[in-house]
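To start, the structure itself, in structure tokens.
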Amino acid sequence: MCGYCRVKISVIIPALNEAESIGAVVRSVPWSEIAECIVVDNGSTDATAEMACEAGARVIAAPRGYGAAMNAGVQAAVGEVLVFVDGDGADPVEEMARIAGPVERGEADLVLASRIMGRREKGSMNGAQVFAAHLIGWMVRVLYGFRYTDMCAFRAIKRETVERMQMREMTFGWNLEMQIKAVKMGLRIREVPVDYRRRIGGESKVSGNFVASVKAAWRILGVFIRVRKS
């Protein structure tokens, strides 16, 4: 018998035009270990919401913006522990216990999946993404004294901790803002290696094309500036 009382876990999946993958992602969630799975439809023009609902998720809507979707999921969640997963099928959500477990047991405050530390299927990350992960890790270390290896969306944290962070980034800078604030708050941070797959379908909103990559990089640089001033 375990030495702690299990807490409620909410899985939050932001999704924008992920009809090809979202059903499989929702079905692969370890339902016996969670209280709910929320898919946040971020303004999809395809059947993302319908596919997510059919697979068993609770679907809510949010204004456009990755961070806006994450924030809406946090506000709607009933769980004490929140697990964030992307809707493209690349994250090994079936391994959720390795990510949520340390937070659930009180061993860590923020647990992040690391694609860099784990094994990556060929084509799952391009060279620019790998370089960005190393660059961001170096910048956080120089500015804040902590070395991250990745900025993967797959992560777990307590709801009350997120609320204390007072998250402000409503675009792709949301993940980095959380990681920087976690360091500034002195939280217990842990990275866990995971095996990363190629997305099931569709195109990445960040690395799918050159323009998207440049926009994401600019926004991430802006996060460093804004959080540094706060």
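Among the residues of the range 178-196, which ones are in contact with an Asp or Glu (Cβ under 8 Å, 6 or more places away or on another chain), more than 15 Å from residue 117 (Cα to Cα) and either open to solvent by 60 Å² or more (accessible area, probe 1.4 Å) or not aliphatic (A, V, I, L, M) (or both)? Residue satisfying the conditions is 188 alone.
The single residue among 99, 22 that is of a type outside the set (Phe, Trp, Tyr) and either surrounded by fewer than 24 Cβ atoms within 10 Å (Cβ to Cβ) or closer than 19 Å to residue 175 by Cα (or both) turns out to be 99. When we screen 160, 191 for residues that are in a strand (DSSP E or B) and out of contact with any Pro (no Cβ under 9 Å at 6 or more places or on another chain), the only hit is 191. So which pairs qualify, if the first residue must be in the range 142-165 and within 12 Å of residue 77 (Cβ to Cβ), the second must be assigned to a helix (DSSP H, G or I), the Cβ gap must be under 7 Å, and the two must be at least 6 apart or on different chains? From residues that are within 12 Å of residue 77 (Cβ to Cβ), the pairs are 157/103; 158/103; 159/74; 162/74.
Taking into account only those residues within the range 33-58 that are buried (at least 20 other Cβ atoms within 10 Å of the Cβ) and of a type in the set (Val, Ile, Thr), which is nearest to residue 18 (Cα to Cα)? Per the criteria, the residue is 48.
The values are calculated or read from the model by the stated rules, or taken from the named source; none is laboratory data. This structure is a prediction, so every number in the text was calculated from the model and none was measured. FYI the Cβ positions are ideal-geometry reconstructions off the backbone, even for glycines, and counts take in every protein chain you see. Keep in mind that these areas ignore ligands, DNA and RNA; they rest on the heavy atoms of the full protein, side chains included. Shrake-Rupley method; radii C 1.70, N 1.55, O 1.52, S 1.80 Å.
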